[in-house]
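Taking it in order: structure first as structure tokens, then the write-up.
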Amino acid sequence: MRHFLPALLFNLLLFSVAQGQVTKLSSNTSLEVEVPLSKTKTILVESGFKKLWVTDATTGGTVKLSDNIMYEEVGGVLNGKFIFAATNATYGSELWITDGTPAGTSLLKDIVPGAAGSEPNDDFVLHNGYLYFSASTPEHGRELWRTNGTEAGTTEVDDLTAGPAGSGIKGSFNLFSAGGYLLFNMTTTAEGYELWRTNGTAGGTAMVKDINPGTASSEISTYTLFNNQVFFAAKTAANGVEVWKTDGTTGGTQLVKDIRPGTPSSLNISVGLGTTNFFATYPLNGKLLFMANDGVHGEEIWATDGTEDGTFLLKDINEEAAVSFIFLFNGVKVGNRLIFTAYQTESGSELWETDGTTAGTKIFKEILPGMDGGIPSLLPYLTFTGTSVEQKLYQDKWFFFLFSLPADGGVELWKSDGTDAGTVKVKTLRTEDSDPGSVSYVYTTQGLYFTIDDDADLGSELWKSNGTDAGTSLVADINQGPEDSELFFSFFPVNGYFIFTATDGDDPTKWDLYRLEGSLVPMPVKLESFTVSLQAADAKLDWVTSLEEGSRDFVIERSDDGKFYTAIGTVA
């Protein structure tokens, strides 16, 4: 008979017992993380020489894939293999494939036979079982291609602009998978660069709309999928750069609103090739938040439900025409609110919150009252499912942020549970100079690992925090002395380890590859069932998880009130 113990609360805490340490995997190879191939392998690229490597987070498993090719820095993962552009003297720039082993690295297709090369490019976007890219041939110029990972399945979608002129130049196709169709940009002599769509067949490829009528281009940039429609920035002679939307049809491709009436642009974005800024958006409570300038209020936060009437100025945070310096891209969602940083003349740079309404857009917490406020830098916790990215509270409790004090007053680590009272300082990290340096971080089962430029004695090094003053400390002075280690994390674990690049200073022109030791990876445990039953004087715990991964090495804690917990044992 099953007995439950309502007065005795058990909490299965998903963190490792082991303490993390730093281990060097390769020395002076100047490797950069390129893309995760699987849970057990990550593709790396050797800076300068552009050679591809692979690592399984072990010293012996960190190897060069080929000495014969130079990586062109474009590629994508399909069915557990990395398909990419690379060049050598024999084939020129062509399409290659690797399964993450030297023996499994080979030419996929010599699209232009000989040494000339087809120069595959344009981001390699995955859509309905194919990777799409552009390639150039002498007969057709640069056109849209796709591959299923086989030589026979690597084909041109269509010769959209007949003859050798081609439909665009390298890097101009701006591919985006919208579910049932693929959007891209291409040019014709009659329309310029405009919005096109394809289902992967010649018959299913057509222009969606000539957004900027005539030979001028609409210079489309930065797609966002929202409410089954794609939102993007586009330029017209009549309206400048504004927010547009499409459902993939001509009639459904429309200007959302001319926010800055007439020819001036409301979006502060360098469109077209060489884009230096982007149309930053954030979906919240049925609205899409973004930054725009209507010519009256300066650059401020706006919201849209996709209709003209439903597109409005959310809040004039820094009144009149002054800029609010709002950062949506690293905002933190807490319940139905988004917490972000913004600048106001009266309060300086502080934490703000919004629920997507004007009344609900307000200062969340004024950490340093007055116009000389410091600068908060949010560190959102992101989880990766393999197909999407989700932002949530760490351990469903809080988020961390750095706070730079004014007048070189130092840098502090803070945490917040999304309430004013629950937003508290964790530790003062430095007492002089308010520049934290280049911050890289990962959330692990033992807390936050991050870099901070501590002081003149240590430079920028690796720290960790479990959310307490005592639990916030230096992990390792990798580049000993005052010089920075220039550490940069990969967000993707490899074989249960987080890997990162840093320099130990033995060769200041090169950097090394490291891993964090210990079971630090957030454990993707899904409990199917959990019961507690009496066994004589003991309590028996039974549970079933959906995966074996992450189903051991727990700490079991007991609580009488649901607030304070005491460790009573471990599960090995």
**Item:** Check on residue 365, modelled with pLDDT of 90 or more, farther than 28 Å from residue 286 by Cα and of a type in the set (D, E, K, R)
**Value:** no
**Asked** Can you name the number of the only condition in (1) surrounded by fewer than 21 Cβ atoms within 10 Å (Cβ to Cβ); (2) at pLDDT 90 or above that residue 450 fails?
**Response** (1)
**Request:** Report yes if some residue within the stretch 183-196 is of a type in the set (S, T, N, Q) and not in a strand (DSSP E or B); otherwise report no.
**Result:** yes
**Prompt:** Has the stretch 319-341 got any residue that is farther than 23 Å from residue 392 by Cα and either part of a strand (DSSP E or B) or touching a helix residue (DSSP H, G or I) at 6+ places or on another chain (Cβ under 6 Å) (or both)?
**Reply:** no
**Request:** Of the numbered conditions (1) in contact with a strand residue (DSSP E or B) (Cβ under 9 Å, 6 or more places away or on another chain); (2) in contact (Cβ under 8 Å) with a residue 12 or more places away in the chain; (3) over 30 Å from residue 506 (Cα atoms); (4) surrounded by fewer than 17 Cβ atoms within 10 Å (Cβ to Cβ), residue 27 fails exactly one; give the number of that condition.
**Result:** (3)
**Fill in**
Listed by first then second residue, the pairs whose first member lies in the stretch 245-270 and is in a strand (DSSP E or B) and surrounded by fewer than 19 Cβ atoms within 10 Å (Cβ to Cβ), whose partner is among the polar types (S, T, N, Q) and modelled with pLDDT of 95 or more, with beta carbons under 9 Å and at least 6 positions apart or on separate chains, are 254/246; 255/236; 255/239
**Request:** Kindly provide the set of residues from the stretch 463-487 that are touching a residue at least 24 places away in the same chain (Cβ under 8 Å), among the hydrophobic types (A, V, I, L, M, F, W, C) and either farther than 23 Å from residue 415 by Cβ or not in a strand (DSSP E or B) (or both), ordered by number.
**Result:** 478, 487
**Complete:** When the stretch 297-318 is checked residue by residue, the ones that are touching a strand residue (DSSP E or B) at 6+ places or on another chain (Cβ under 9 Å) and not in a strand (DSSP E or B) are 297, 305, 306, 307, 308, 309, 310, 316, 317, 318
**Qualifying positions in the stretch 33-58 - assigned to a strand (DSSP E or B) and at pLDDT 95 or above** = 42, 43, 44, 45, 46, 51, 52, 53, 54, 55
**Request:** List every residue pair whose Cβ atoms lie under 8 Å apart, where the two residues are 6 or more positions apart in sequence or sit on different chains, the first residue falls within the stretch 200-216 and is among the basic types (Lys, Arg), and the second residue, located anywhere, is at pLDDT 95 or above.
**Result:** 209/194; 209/195; 209/246; 209/250; 209/253
**Request:** Could you list, in sequence order, all residues of the stretch 59-79 that are β-branched (Val, Ile, Thr), over 14 Å from residue 104 (Cα atoms) and assigned to a strand (DSSP E or B)?
**Result:** 74, 77
**Request:** Can you run down the residue pairs with Cβ atoms below 9 Å, 6 or more apart or on separate chains, where the first is in the stretch 390-417 and on the phi > 0 side of the Ramachandran plot and the partner is of a type in the set (Lys, Arg)?
**Result:** 410/430
**Prompt:** In the list 185, 239, which residue meets the criterion of being within 27 Å of the chain's Cα centre (by Cα) and modelled with pLDDT of 95 or more?
**Reply:** 185
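This table checks each residue for (1) without any contact (Cβ under 8 Å) to a residue 40 or more places away in the chain; (2) surrounded by 14 or more Cβ atoms within 10 Å (Cβ to Cβ); (3) among the acidic types (Asp, Glu); (4) closer than 26 Å to residue 190 by Cα.
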residue: 105; (1), (2), (3), (4): no, yes, no, no
residue: 109; (1), (2), (3), (4): no, yes, no, no
residue: 121; (1), (2), (3), (4): no, yes, no, yes
residue: 145; (1), (2), (3), (4): yes, yes, no, yes
residue: 149; (1), (2), (3), (4): no, yes, no, no
residue: 158; (1), (2), (3), (4): no, yes, yes, yes
residue: 176; (1), (2), (3), (4): no, yes, no, yes
**Request:** Within the stretch 336-376, count every residue that is more than 18 Å from residue 319 (Cα to Cα) and among the charged types (D, E, K, R).
**Result:** 3
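The values are calculated or read from the model by the stated rules, or taken from the named source; none is laboratory data. The model shown is predicted, which means the values in this text are computed figures rather than measured ones. Ideal geometry is used to build each Cβ from the backbone, glycine not excepted, and the neighbour counts take in all protein chains shown.
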